[in-house]
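This structure is in structure tokens; I'll ask about it shortly.
Every read-out reported here was derived from the displayed coordinates using simple, explicitly stated rules and does not represent laboratory data. What you see is a predicted model; the values in this text were computed from it and never measured. So basically every Cβ, Gly included, is an ideal-geometry build from the backbone, and we count neighbours across all protein chains shown.
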């Protein structure tokens, strides 16, 4: 019974007419141990199909995510900037260590000349400032004398007032004298 | 698409790719290299992957083409070592390890089949694809596929019965 249907299926199978479900049936049949002896060759085939199906790909695939080159270059730039930051101050320091003793004759001369010229400039500058201060002193004096003048004019006014008093006194004495003359 | 998404997408069929590659290239190492190459190609084009309706069929087609190219270049470059004049006299010993050995025989017989039949047999009898899927991969119409498959199956069985006198009816 079973064998009959299997044989029919096998015929279809050989002609490439079986569906996937029928092939599954065949595979199940040949997976068991007691297979009709004249179908041994099929058994070998189906066994082979089953075993190869279990073969797996076990190797790891190195999947590298696509690197963003922009960010990569930013890091390089950052490193460059850091290196510059470290080395440039050092180079500046080397220059400052130059001492007076290590200068050549010519350089010293130039140094002195420069110093002299600067000293001259500064002395002239000082002269300028001192004369400026004299000027400002004079100005101040002028201002103060002006003040004194103001004071003098005020005292003059006071004097004039006093003088008017004296005048009036004189007038009254004159009147008094006249009266005494008329009485005589 | 992140790496985990990609792995999830590829997981179900990477073994199928490997087995098809091994069917065509025979050597295990070659097949591993081919599979890696295919997966790397997919990974590189991961943005385009989502446009394909059937990534698996696409990958299988890629594998088929890649392996056939590989075989062509190999045949052009290297001498193939073929044991065509090799004769096995140890039939008595062979019958002892019959069961295991006959399974090996099947693979050797399949090795001798034409490439097209190899691919179709692999896809149908091992990976259990339906005819439409196979048609996509090999670019043939279903009738032609059935004919090729029938031929392959018959050849295997004939050779098996000849070499091992199996299935004496």
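Counting C-alpha atoms alone, how compact is region A:2-53: give Rg to one decimal and Dmax as a whole number, in angstrom.
That works out to 10.2, 28 Å for Rg and Dmax.
Kindly give the semi-axes, whole Å and largest first, of the ellipsoid equivalent to region B:1-78, taking each as the square root of 5 times a Cα gyration tensor eigenvalue.
24, 12, 10
Mind sorting B:38, B:126 by how few other Cβ atoms lie within 10 Å of their own Cβ, fewest first?
The most exposed by this proxy come first: B:126, B:38.
Based on other C-beta atoms within 10 Å, arrange B:1, B:62 from fewest to most.
Listed from fewest to most nearby Cβ atoms, that is B:1, B:62.
Helix A:2-14 versus the longest principal axis of chain A: what is the Cα-based angle in degrees, 0 to 90, to the nearest 10?
Here the helix axis deviates by roughly 60 degrees.
Expressed as a whole number of Å, what is the distance separating the alpha-carbon centroids of region B:1-50 and region A:143-180?
What the calculation gives is 128 Å, centre to centre.
Relative to the longest principal axis of the C-alpha atoms of chain A, give the angle of the C-alpha long axis of helix A:20-31, reported between 0 and 90° and rounded to the nearest 10°.
So the inclination is approximately 60 degrees.
At 7 Å along Cα-to-Cβ for each site, give me the label-to-label distance between residue B:74 and residue B:5 in nm.
Each label point lies 7 Å from its Cα, and together they span 3.6 nm.
Pull out a ≥ b ≥ c, the square roots of the eigenvalues of the alpha-carbon gyration tensor of chain A, then state rounded if a/c is under 1.5, prolate if not and a/b is larger than b/c, and oblate in the remaining case.
The shape class here is oblate.
Another question about this same structure. Looking at the square roots a ≥ b ≥ c of the eigenvalues of the Cα gyration tensor of region B:98-164, which shape do they give, rounded for a/c under 1.5, prolate if a/b is larger than b/c, or oblate?
prolate
Also, I was wondering about something else. Using a 10 Å cut-off around each Cβ, can you sort B:23, B:151 from fewest to most neighbouring Cβ atoms?
Taking fewest neighbouring Cβ atoms as first place, the list is B:151, B:23.
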